[in-house]
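Read-outs throughout are calculated quantities, based only on the coordinates presented, and are distinct from any laboratory measurement. Model, not experiment: these values are computed from the prediction. Using ideal geometry, Cβ is built from the backbone for each residue, glycine included, and neighbour counts are taken over all protein chains shown.
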Amino acid sequence: MTKPPVIGRTREEMAQRLAQDIPDGSYVNLGIGIPELVAKFVPAGRSMIYHTENGLLGMGPAPRPGEGDPELLNAGKQRVTALPGAAYFHHADSFAMIRGGHLDLCVLGALQVAQNGDLANWSTGEPGAIPAVGGAMDLVAGVKSIFVITQHCTREGEAKLVQKCTFPLTGCAVVNRIYTDLAVIEVTPNGFRLVELSPGIDFNFVQERTGAPLLRTPERIKAGGAEK
């Protein structure tokens, strides 16, 4: 049985694309899941310092299979590496960095993002659902900019970018940009604005899979995909 073809960007390609937009010299927290992949990518000529909330600043990518320190883990309990100059610290000190506004950017996953930047990423609100908010509420309240990286739709094909979140919120009007397998989208005072289409993807394809209107300015859309 053959796997279905990948439409748009793979998860690693999404992470690499996001890394291109991280300003030089930024201190960046990486959340659990797809955000962890961003640690693999530092654009040439730029320096960025990755932070994980369990107490490491200067986090590197995952080690090769069979290598690495089994006790060196990120917040998602995945093995990572420490780059030269990395620092280890207590969990409380890590959250002091977060709550004190000392991090420039945070990359988080999402269950839903609303057109005004509301973020829901910890619970579906279903009865019996296990609460899993972790440090996300601290991050969206204390970090200067929030980037979301997520599949554009759920496995069932439902839109994750919506007019209004129906799941419990992590933060209100906190998201700045969204990176999906289909597009790069900016949150503006007027709603979602399309920044870039993934290769082979056109505007109508993305709009049909988005639960809110997409603003577009064709001359400002990057040529990652075809604007139609």
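Which value, in Å³ per residue, describes the convex hull spanned by the Cα atoms of the chain?
Numbers: hull volume 35.2 nm³, N = 228.
Cα convex hull per residue, to the nearest whole number: 154 Å³.
Here the Gaussian network model covers the chain, with springs between Cα atoms less than 10 Å apart; of Thr52, Thr217, Thr170, Thr217 fluctuates the most. With neighbours defined as other Cβ atoms within 10 Å of a residue's Cβ, the residues Val140, Val107 order from fewest to most as Val140, Val107.
Sites listed here are trypsin sites (Lys or Arg not before Pro) in the range 61-122 whose DSSP assignment is loop and whose Cβ has at most 12 other Cβ atoms within 10 Å: Lys77.
Footprinting exposure proxy ranking of Cys153, Cys106, Cys165, Cys172, fewest other C-beta atoms within 10 angstrom first, gives Cys172, Cys153, Cys165, Cys106.
Give a quick list of trypsin sites (Lys or Arg not before Pro) in the range 162-218 that DSSP marks as loop, anything other than H, G, I, E or B, with at most 15 other Cβ atoms within 10 Å.
Hits after loop and neighbour filter: Lys164.
The residues packed around Tyr27, meaning those with a beta-carbon under 12 Å from its beta-carbon, carry a net charge of -1 if Lys and Arg are +1 and Asp and Glu are -1. Note on the chain: with a GNM built from Cα contacts shorter than 10 Å, the maximum mean-square fluctuation among Gly25, Gly191, Gly76 falls on Gly25.
Projecting the Cα atoms of Phe167, Gly128, Leu214 onto the charge dipole of the range 11-220 (Cβ charges, centred on the Cα centre) puts Leu214 farthest toward the positive pole. Please state the shape class of the range 1-128: rounded when a/c is under 1.5, otherwise prolate if a/b exceeds b/c and oblate if not, all from the C-alpha gyration tensor. Rounded.
Cα-based values for the range 18-73, radius of gyration first and Dmax second, are 11.5, 33 Å. Near the amide H of Ala183, within less than 5 Å, lie the amide hydrogens of Ser198, all on another chain or at least 5 residues away, with H placed in the peptide plane.
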